[in-house]
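The values are calculated or read from the model by the stated rules, or taken from the named source; none is laboratory data. Just so you know, these numbers come straight off a predicted model, no measurement behind them. Here the Cβ positions follow ideal geometry from the backbone for every residue, glycine too, while neighbour counts run over all protein chains shown.
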2 protein chains.
Amino acid sequence: MNTRKPTLAVVGATGAVGSVMLQILSQRQDVWGEIRLVASARSAGKVLQVRGEDVVVQELTAEVFDGVDVAMFDVPDEVSAQWAPVAVERGAVAVDNSGAFRMDPEVPLVVPEVNPAQVRNRPKGIISNPNCTTLTMMDALGALHAGWGLKELVVASYQAASGAGQPGVDRLYDELEVVAGHREVGQHTGDVRASVADKLGDDSPFPAPLALNVVPWAGSLKDGGWSSEELKVRNESRKILGIPDLKVSATCVRVPVVTTHSLAVHAVFEKPLTVDAARQALIEAPSVVVLDDPEAGEWPTPADVVGTDPTWVGRLRQALDFPNTIDLFVCGDNLRKGAALNTAQIAELVAAELTAG
Amino acid sequence: MNTRKPTLAVVGATGAVGSVMLQILSQRQDVWGEIRLVASARSAGKVLQVRGEDVVVQELTAEVFDGVDVAMFDVPDEVSAQWAPVAVERGAVAVDNSGAFRMDPEVPLVVPEVNPAQVRNRPKGIISNPNCTTLTMMDALGALHAGWGLKELVVASYQAASGAGQPGVDRLYDELEVVAGHREVGQHTGDVRASVADKLGDDSPFPAPLALNVVPWAGSLKDGGWSSEELKVRNESRKILGIPDLKVSATCVRVPVVTTHSLAVHAVFEKPLTVDAARQALIEAPSVVVLDDPEAGEWPTPADVVGTDPTWVGRLRQALDFPNTIDLFVCGDNLRKGAALNTAQIAELVAAELTAG
């Protein structure tokens, strides 16, 4: 048994997910030796806190990965595409939270509660972390799939601003300040758009105003009018759950919530299931909390879920007109389980393997 | 031909829907003689403007319906249940926007673009106006059903605060003022709930904070954990479209939008259809506008739709994994087409009948 604790690099330490990662690394069991913080040249030299200690952010270079065992990437696709292989060349295992490698057949896409064994199946030395919207429902659906065989999914999302990073969070707060206190705004066509554009300009991470609005678009345009986000939900769910012919239709919509994605899920199974049996399976599932007592006003909402680790499930209903079908509402913190937490869990699986080795 | 213009009573003239009704009555072709405004004793004596004239609000009594040809009701279920039959006894046709009579087999449930002939099938003298959430999609689905035969619907809603009336609108604005300018609120568990409760108390028309949140509940609890709103979407869609065995699963969610409901709709048809043919049918449908060019950033959002009459449809996609299936996103002003406008249209159908008679 190797007793040296492995070295971790956090690339993208200064972003919205990176900030949450530093909190998470300070809260979880301490499996890491050195934690190296890495960011673009612009952010290099900043001092951040992790595990109660000041750490100076280093610039992203090939050399920064020397001696690193696991390198986490929370950066845009193109940065991961370029730098994750560099980290691997320098001897690290890369755990990547971008979309660059997720659908690569030689890169596993891992949710530790669902398909942990896939972590070892990494011929490129890279492990991908799923998209935050997909991750919101994977722990719950993994548990139900194990019992009844998932066949079809119809999903509508209620996605938080922080899914677009810190600029998304800032924009939502900025827009709220513009509209708050003006009780006519939101009641007439174009009001919100005009007042927001007047005060803040059109340079937004969102393609329409988000305050007092919902925006049925996330990501980029793909064939057939689908958004990249909607195709990620379909393709990543198939890969994580190991159901290549899973039928999926998703509609991804941004809502004026800071953090925590919610999903309305219509899930059809191979085998007959009751809502009581489904509830029991979810109660027993790791990292899932069932909050489902409408009579007492209990179901998950983003305001109550943000900052927590589990997947929260409520509004469990037996579909009235569809056989073997459950309708449910799921919330998960998109910066934690949807990003930083799942990445940290994957990295810990690799750390355990290295330490055991 | 009767040349006297019929007399209209607007019961609930001072509410959120009533206020929009007065605007609509001032904008539409003038089919009415006298317009009598009626409300509870508390609001009687108020002076409101309709068609550019001051009208004094009268108290709701049996006598107020004397000489009235059509009486519209925009009041709670129990008020309609009591007073619509009184209006009928006094000789009026009642057009009711509450839930009191919608599922009564002797009361037609009418969307003028979909089932206008049902207006004459009113043995009780009462015609019901559908629930605002159902109405958001009826014009679009009616057009698609006519062409391809609707078989199944999976719906997730993004419902505006004004669906809960003026108290809902006021509460949302109040909550926005509390959270705006506090850039930490929304990032930690319970923050929004605590700050809103601290400043505004818990006496809200919504069962959870709505600012910076989404709330997966609307209406009252029914069997199997379904909300009354979700069952309305199912049962009213079946009745309006004349498809008694239509399969429906709906999840109804309140979002921090002032006015305009949105729906993500997964619609399965009997016959094969292409997205292009569906788009053409929607373009040709009365009162439907197709806004569907994601490359140009065009799809409907509540901020752009509020204050307009049509149903707006975008994000038309051929389902990738489901045969004969279209996914779409629909927006409609819940106070206009979702309530006052559809009621006004029904009343105008009755007026035309009375005038022709």
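Hey, among the residues in region B:104-163 that are under 17 Å from B:Leu241 (Cβ atoms) and without any contact (Cβ under 8 Å) to a residue 60 or more places away in the chain, which one's surrounded by the fewest Cβ atoms within 10 Å (Cβ to Cβ)?
B:Pro105
Name the pairs: first residue in region A:75-94 and over 9 Å from A:Ile126 (Cα atoms), second residue surrounded by fewer than 16 Cβ atoms within 10 Å (Cβ to Cβ), Cβ to Cβ under 6 Å, at least 6 apart or on different chains?
A:Val86/A:Ala62; A:Arg90/A:Asp66
What is the residue count in region B:197-209 for residues that are facing another protein chain (nearest Cβ under 9 Å) and touching an Asp or Glu at 6+ places or on another chain (Cβ under 9 Å)?
2
If you scan region A:183-196, which residues turn out to be more than 21 Å from B:Pro310 (Cα to Cα) and surrounded by 15 or more Cβ atoms within 10 Å (Cβ to Cβ)?
Correct list: A:Arg183, A:Ser195, A:Val196.
Scan A:Val110, A:Val185 and give me the residue that is within 14 Å of another protein chain (Cβ to nearest Cβ) and of a type in the set (A, V, I, L, M, F, W, C).
Of the residues listed, the single one that is within 14 Å of another protein chain (Cβ to nearest Cβ) and of a type in the set (A, V, I, L, M, F, W, C) is A:Val185.
Considering only residues that are closer than 13 Å to A:Asn213 by Cβ and surrounded by fewer than 23 Cβ atoms within 10 Å (Cβ to Cβ), look in region A:164-182 and name the one that is nearest to the other protein chains (Cβ to nearest Cβ).
My answer is A:Val178.
Mind checking whether some residue in region B:114-127 is in a strand (DSSP E or B) and away from chain A (no Cβ under 13 Å)?
Among the residues of region B:114-127, at least one is in a strand (DSSP E or B) and away from chain A (no Cβ under 13 Å), which makes the answer yes.
May I ask you to verify whether A:Ala218 is assigned to a loop (DSSP other than H, G, I, E, B), under 30 Å from A:Pro286 (Cα atoms) and outside the structural domain of A:Asn97 (by the TED database)?
Spelling it out, A:Ala218 is indeed assigned to a loop (DSSP other than H, G, I, E, B), under 30 Å from A:Pro286 (Cα atoms) and outside the structural domain of A:Asn97 (by the TED database).
Could you tell me which numbered condition B:Ala9 fails, if it satisfies all but one of (1) at pLDDT below 95; (2) more than 10 Å from B:Val57 (Cβ to Cβ)?
Failing condition for B:Ala9: (1).
Okay, residues lined up against (1) touching a Leu at 6+ places or on another chain (Cβ under 9 Å); (2) at the interface with chain B (Cβ under 8 Å from one of its Cβ atoms); (3) under 22 Å from B:Val155 (Cα atoms):
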| position | (1), (2), (3) |
| --- | --- |
| A:Ala218 | no, no, yes |
| A:Ser228 | yes, no, yes |
| A:Val233 | yes, no, yes |
| A:Val255 | yes, yes, yes |
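Mind checking which residues of region B:315-347 are facing another protein chain (nearest Cβ under 7 Å) and within 21 Å of the chain's Cα centre (by Cα)?
Across region B:315-347, the qualifying residue is only B:Phe329.
Which one of these does A:Asp170 not meet: (1) more than 26 Å from A:Trp226 (Cβ to Cβ); (2) part of a helix (DSSP H, G or I); (3) touching a strand residue (DSSP E or B) at 6+ places or on another chain (Cβ under 7 Å)?
(3)
Look through region B:314-333, keep the residues that are outside any loop (DSSP other than H, G, I, E, B) and polar (S, T, N, Q), and return whichever of them is surrounded by the fewest Cβ atoms within 10 Å (Cβ to Cβ).
B:Gln318
Against the condition among the hydrophobic types (A, V, I, L, M, F, W, C), surrounded by fewer than 23 Cβ atoms within 10 Å (Cβ to Cβ), under 23 Å from A:Ala356 (Cβ atoms) and not assigned by the TED database to the domain that holds A:Leu141, how does A:Val95 come out, does it pass?
Considered against the rule, which asks whether it is among the hydrophobic types (A, V, I, L, M, F, W, C), surrounded by fewer than 23 Cβ atoms within 10 Å (Cβ to Cβ), under 23 Å from A:Ala356 (Cβ atoms) and not assigned by the TED database to the domain that holds A:Leu141, A:Val95 comes out as no.
Would you check if B:Arg336 is surrounded by 21 or more Cβ atoms within 10 Å (Cβ to Cβ) and farther than 20 Å from A:Arg193 by Cα?
yes
Considering only residues of region B:273-313 that are surrounded by fewer than 24 Cβ atoms within 10 Å (Cβ to Cβ) and facing chain A (nearest Cβ under 7 Å), which is farthest from B:Val17 (Cα to Cα)?
Selected residue: B:Glu295.
Return the residues of region B:32-58 that are assigned to a loop (DSSP other than H, G, I, E, B) and surrounded by 19 or more Cβ atoms within 10 Å (Cβ to Cβ); say none if nothing qualifies.
B:Trp32, B:Ser43, B:Val57 - these are the residues of region B:32-58 that are assigned to a loop (DSSP other than H, G, I, E, B) and surrounded by 19 or more Cβ atoms within 10 Å (Cβ to Cβ).
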